[in-house]
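To start, the structure itself, in C-alpha cells.
The values are calculated or read from the model by the stated rules, or taken from the named source; none is laboratory data. As the structure is a prediction and not an experimental result, all values here were calculated from the model. Here the Cβ positions follow ideal geometry from the backbone for every residue, glycine too, while neighbour counts run over all protein chains shown. To get the accessible areas, we keep the full protein, side chains included, count just its heavy atoms, and leave off ligands, DNA and RNA. Shrake-Rupley method; radii C 1.70, N 1.55, O 1.52, S 1.80 Å.
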Number of protein chains: 2
Amino acid sequence: MQDYPAPLAALVDELRRLPGIGQKTAQRLAFHLMKAPEGEVQRLAAALAGFRAALRLCTVCNAVAEGELCAYCADPARSDRTLCVVEEPLNLVVVERTRDFKGRYHVLHGALSPLSGVGPEELRIEGLLERVRRGGVEEVILATSPTVEGEATAVYLARLLKPLGVKVTRIAMGVPVGADLDWADEVTLAKALEGRREY
Amino acid sequence: MQDYPAPLAALVDELRRLPGIGQKTAQRLAFHLMKAPEGEVQRLAAALAGFRAALRLCTVCNAVAEGELCAYCADPARSDRTLCVVEEPLNLVVVERTRDFKGRYHVLHGALSPLSGVGPEELRIEGLLERVRRGGVEEVILATSPTVEGEATAVYLARLLKPLGVKVTRIAMGVPVGADLDWADEVTLAKALEGRREY
C-alpha cells in the first residue's frame with residue numbers, strides 16, 4: 001500500500017527530480033503545498049508552466065533574455081572592453097551580485113568534460129572568439145568554476161584567446177573570505193599560497 | 001536592474017515561498033528547470049495545478065484521501081482497537097514508515113499554540129472524542145511532536161480522553177537511535193533519563 005494518495009505521490013515524485021531535493025524534502029514540500037493558500041499553489045504552477053516560453057538566449061552572450069538581447073548586452077552603461085566568461089547563466093547572476101564588474105558577459109553553457117562527452121563543440125566558444133576578433137575587447141576574464149572541468153575550460157580558452165592579442169585573466173582561487181582557515185582543503189590552501197600577494 | 005528576466009524572477013519568487021527554500025536554492029532550482037527537459041517541467045506544473053482538486057480529507061480520521069475514506073481507514077486488516085493521534089498528515093506517513101503500527105490514525109491538523117491563536121476549536125478533536133465514545137477503542141497513542149505545542153496538545157487530549165475509560169499513552173522521548181550522545185541537548189537527555197527502562 002502506498003503511504004499517500006496517488007496525486008500526492010505523483011507530486012512527490014516530480015519534486016524529487018529537482019537537484020538537492022530528496023524523498024523527505026519532497027514530502028515536506030508536497031504536504032506544505034496541500035495546506036498552502038490555493039492561489040499560491042496555482043501561481044507556482046503557472047510560473048512553471050509558462051516561464052520557458054517567455055525566455056530565450058541572448059544572441060550576443062547566451063545569457064537568459066526575454067528579447068533578442070539580455071539586460072547586460074542591452075545596457076549602454078556597461079563597458080565593451082572587458083568580457084567575463086562564465087559556464088552557466090546562474091554563474092553570471094553570482095558575479096553580478098558582487099557589483100564590481102561593469103563589463104559584458106559570455107556564457108559558455110557548460111564546461112569541458114571529456115568523461116561526460118562535453119567537448120569544445122558543445123560549448124558556445126565560437127561566438128566568444130568572434131566577439132574578440134571583431135575588436136574592442138581588451139581583457140577576457142575567465143570566471144569558469146574552480147573545478148577540474150572549469151580549470152580545463154579556462155586553460156583551453158586561454159590558448160585560443162591569447163593569439164588574438166587580448167589580455168586573458170583567470171579569477172583568483174584561494175581561501176573563501178569569512179571562513180576559518182582550518183576548514184580549507186589542501187588544494188585550495190595551496191592555491192591561496194601560490195597566489196599570495198605582497199602587502 | 002534585475003539580475004534576470006521577469007518570468008525567471010517570478011518563478012524564483014514563487015519557489016522562495018516554499019519552506020526551507022531561500023533565495024539561493026530558489027535560483028538554483030529555477031535555472032535547473034530552465035535547462036531540464038520540457039516534459040519534466042510540464043509534468044511538475046501539471047502535478048502542482050491538479051493535485052489538490054483530487055484530494056480531500058478522510059471523513060473518519062482527517063488524513064489525506066482520494067475518496068470518502070483514506071487508505072488506512074479503508075484497510076480491513078488494520079485494528080480498530082488502537083488509535084494513533086498525530087498533528088499533521090505527514091506525521092502519519094512517518095509513523096507508517098516504521099511498519100510497527102497496525103491500528104488506525106487520527107489527524108488533528110495542528111497543535112495547541114495559544115501564541116499563534118490555535119486553540120482546541122481549531123483542531124479536529126471532537127471527531128477523535130466521538131470515535132472513542134462510540135466504543136471499540138482500547139488505547140489512544142498520542143504521537144504529537146516532542147515540542148512545547150505537541151506536549152501541551154498531548155496533555156490536553158489526555159485529560160479529555162481518560163474520563164472516557166480508554167488507555168492513553170504518549171510516545172517515548174529520548175536520545176535518537178544512531179546519534180552520538182554528545183549531540184543530545186540537555187532537555188532530551190533529561191527525558192531519556194526519566195524514561196529509562198531496566199534491562
> In region B:29-79, which residues are in contact with a helix residue (DSSP H, G or I) (Cβ under 7 Å, 6 or more places away or on another chain), of a type in the set (D, E, K, R) and more than 7 Å from every other protein chain (Cβ to nearest Cβ)?
Replying inline: B:78
> When you go through B:94, B:60 one by one, which is the residue that is aliphatic (A, V, I, L, M), in contact (Cβ under 8 Å) with a residue 60 or more places away in the chain and either outside any helix (DSSP H, G or I) or open to solvent by 10 Å² or more (accessible area, probe 1.4 Å) (or both)?
Replying inline: B:60
> Take the residues of region A:30-44 that are surrounded by 18 or more Cβ atoms within 10 Å (Cβ to Cβ) and free of Cβ contacts under 8 Å to residues at least 24 places away in the same chain: which is nearest to the chain's Cα centre (by Cα)?
Replying inline: A:44
> Looking at residue B:43, is it outside any strand (DSSP E or B) and modelled with pLDDT of 95 or more?
Replying inline: yes
> Is it true that residue B:18 is open to solvent by less than 20 Å² (accessible area, probe 1.4 Å), in a loop (DSSP other than H, G, I, E, B) and either in the same structural domain as residue B:168 (by TED's automatic domain parsing) or among the aliphatic types (A, V, I, L, M) (or both)?
Replying inline: yes
> Pairs, please: C-beta under 8 Å, at least 6 apart or cross-chain, first residue touching a residue at least 60 places away in the same chain (Cβ under 8 Å) and in region B:1-29, second open to solvent by less than 20 Å² (accessible area, probe 1.4 Å) and of a type outside the set (Gly, Ala, Ser)?
Replying inline: none
> Which one of these is open to solvent by 60 Å² or more (accessible area, probe 1.4 Å) and touching a residue at least 24 places away in the same chain (Cβ under 8 Å): B:146, B:163, B:120, B:176?
Replying inline: B:146
> All but one of (1) within 28 Å of residue A:153 (Cβ to Cβ); (2) at the interface with chain B (Cβ under 9 Å from one of its Cβ atoms) hold for residue A:82; which doesn't?
Replying inline: (2)
